[in-house]
Amino acid sequence: MSRIGTESAFDVLVRARALEAQGKDIIHLEIGEPDFPTPQHIVDAGKKALDEGWTHYGPSQGLPELREAIAEYISTTRGITVSPANVCVTPGGKPIIFFPILALLGPGDEAIYPNPGFPIYESMIRVSGATAVPVPLVEERGFSFDLNVFRKSLTSRTKMVILNSPHNPTGGMIPPEDIAAIADEVRGRDLVVLSDEIYSRIVYGNQPPVSITTLPGMLEKTIILDGFSKTYAMTGWRMGYGVMPGFLVDPVNKLMVNSNSCTASFTQRAGIAALRGPQDCVTAMVEEFARRRDAFCAGLNDIPGWRCAIPGGAFYAFANVKALGRGSKEIADSLLADAGVACLNGAGFGEFGEGYIRFSYANSYENLMRAVERIKAWSVRR
């Protein structure tokens, strides 16, 4: 337990709720979940499944029909050939981080992960007893890896490389040439790539993210992590999945049996409706996120001392506040307490996040504009 970490977003949410209980108006830009309702056809499928009796145990690996739908979806969206036999369905995406790390890593091993990055990467690596090796993301490179540091970080002990594109907390995307360079470095090594593609549908512009699985020799040594939470606004339904090499399926299933038994059956039926039903709900959500992104980032960039790169995906703005001359935590704490804007300290995502503040623009356009005005007023007062 001394090696396990947590997510600062939930800590800030508790503090923000406590302030609201005291009567303070808080604009919530800390939690990374779509503020849209789950699309109605998905909700209807979940209700229908309950009425039809999908309320009992299912296979640990996931319902066969859902695994078939996932295999078809991944094959189509990534341009690769995936079998349902390589799909494991889990209650949320985090088990596809936790289970492969437990199965593959131990003392003496090393795992490379992006920093700043989703805090659970480092936490789970440390829980396994392996050494967590951070590689910095560089703002000037669109928050992609410093490839020179990446190359130097690879050793004979490296057993896993974690990629995340689009990326939490920066909203950055790894460009195709960087994906190709990473593949060239790891292809001949005895390691597995964990490619966290949970934000793969939330991208802006015509250039979709490139999955490393599309490159020669990489599908058989890569785990794709994806799910329903972000794409279909289904965070509370708790359903994710991994597409993985055959040798990992049995270990992941064993860990499912020992921890969760299975993913809830009725939510899996809703997942089938999500993948095989209309997708215009996703398009509309992403279009609204793009509108919010443009206005919110422009507003931040108009404030002296603030600099915010325009993210290519996800729904996060990672603002550079180094010019303010104060620590990220101090700034985030003050924005919550004094301006009523809940946001996250960039250093909560790793040491290379210091000097940045993460905002989730998964809130209404009106609230985002109110937040900009509050941040502007706070900056003047400081």
Q: Would you mind telling me which numbered condition in (1) in contact with a strand residue (DSSP E or B) (Cβ under 8 Å, 6 or more places away or on another chain); (2) in contact (Cβ under 8 Å) with a residue 60 or more places away in the chain Val282 fails?
A: (1)
**Q.** From the options Pro59, Pro100, Pro34, Pro114, residue that is part of a loop (DSSP other than H, G, I, E, B) and out of contact with any Cys (no Cβ under 9 Å at 6 or more places or on another chain)
**A.** Pro34
Q) Can you spot a residue in the range 347-355 that is of a type in the set (D, E, K, R), assigned to a helix (DSSP H, G or I) and more than 23 Å from Ile120 (Cα to Cα)? A) no
Q) Does Gly355 satisfy the condition of being open to solvent by less than 10 Å² (accessible area, probe 1.4 Å) and not charged (D, E, K, R)? A) yes
Q) Does the range 12-23 hold any residues that are over 19 Å from Ser364 (Cα atoms) and either loosely packed, with under 14 Cβ neighbours inside 10 Å or in contact with an Asp or Glu (Cβ under 6 Å, 6 or more places away or on another chain) (or both), and which are they? A) Val12, Val14, Ala18, Ala21, Gln22, Gly23
Q | Qualifying residue in the range 34-42 (condition: of a type in the set (A, V, I, L, M, F, W, C), out of contact with any strand residue (DSSP E or B) (no Cβ under 9 Å at 6 or more places or on another chain) and under 28 Å from Ser83 (Cα atoms)) | A | yes
Q.
Cβ contacts < 9 Å: first residue open to solvent by less than 10 Å² (accessible area, probe 1.4 Å), restricted to the range 60-80; second residue among the basic types (Lys, Arg), any location; separation 6+ or different chain. Result?
A. Leu66/Arg269; Ala69/Arg276
Q: Run down Lys322, Lys254, Lys329 and say which single residue is free of Cβ contacts under 8 Å to residues at least 12 places away in the same chain and out of contact with any Pro (no Cβ under 8 Å at 6 or more places or on another chain).
A: Lys254
Q: Could you run through the range 227-257 and say how many residues are among the polar types (S, T, N, Q) and more than 16 Å from Gly93 (Cβ to Cβ)?
A: 1
**Q.** Qualifying residue in the range 226-241 (condition: aliphatic (A, V, I, L, M) and more than 16 Å from the chain's Cα centre (by Cα))
**A.** no
(Q) Going by what's in this entry, would Leu248 be described as open to solvent by 10 Å² or more (accessible area, probe 1.4 Å), in contact (Cβ under 8 Å) with a residue 60 or more places away in the chain, assigned to a helix (DSSP H, G or I) and on the phi < 0 side of the Ramachandran plot? (A) no
Q. Among the residues of the range 3-39, which ones are touching a helix residue (DSSP H, G or I) at 6+ places or on another chain (Cβ under 9 Å) and free of Cβ contacts under 8 Å to residues at least 24 places away in the same chain?
A. Asp11
Q. Which one is farthest from Val321 (Cα to Cα), of the residues in the range 337-352 that are among the aliphatic types (A, V, I, L, M) and surrounded by fewer than 20 Cβ atoms within 10 Å (Cβ to Cβ)?
A. Ala337
**Q.** Qualifying positions in the range 251-286 - more than 26 Å from Pro37 (Cβ to Cβ) and either open to solvent by less than 20 Å² (accessible area, probe 1.4 Å) or part of a helix (DSSP H, G or I) (or both)
**A.** Pro251, Val252, Asn253, Lys254, Leu255, Met256, Val257, Asn258, Ser259
Q) Does Asn115 count as farther than 30 Å from Leu66 by Cβ and either of a type outside the set (A, V, I, L, M) or open to solvent by 40 Å² or more (accessible area, probe 1.4 Å) (or both)? A) yes
Q) Given the structure, is Arg141 among the basic types (Lys, Arg), at negative phi, within 21 Å of the chain's Cα centre (by Cα) and surrounded by fewer than 23 Cβ atoms within 10 Å (Cβ to Cβ)? A) yes
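The values are calculated or read from the model by the stated rules, or taken from the named source; none is laboratory data. All values reported here derive from a predicted model rather than from experimental measurement. Using ideal geometry, Cβ is built from the backbone for each residue, glycine included, and neighbour counts are taken over all protein chains shown. To get the accessible areas, we keep the full protein, side chains included, count just its heavy atoms, and leave off ligands, DNA and RNA. Shrake-Rupley method; radii C 1.70, N 1.55, O 1.52, S 1.80 Å.
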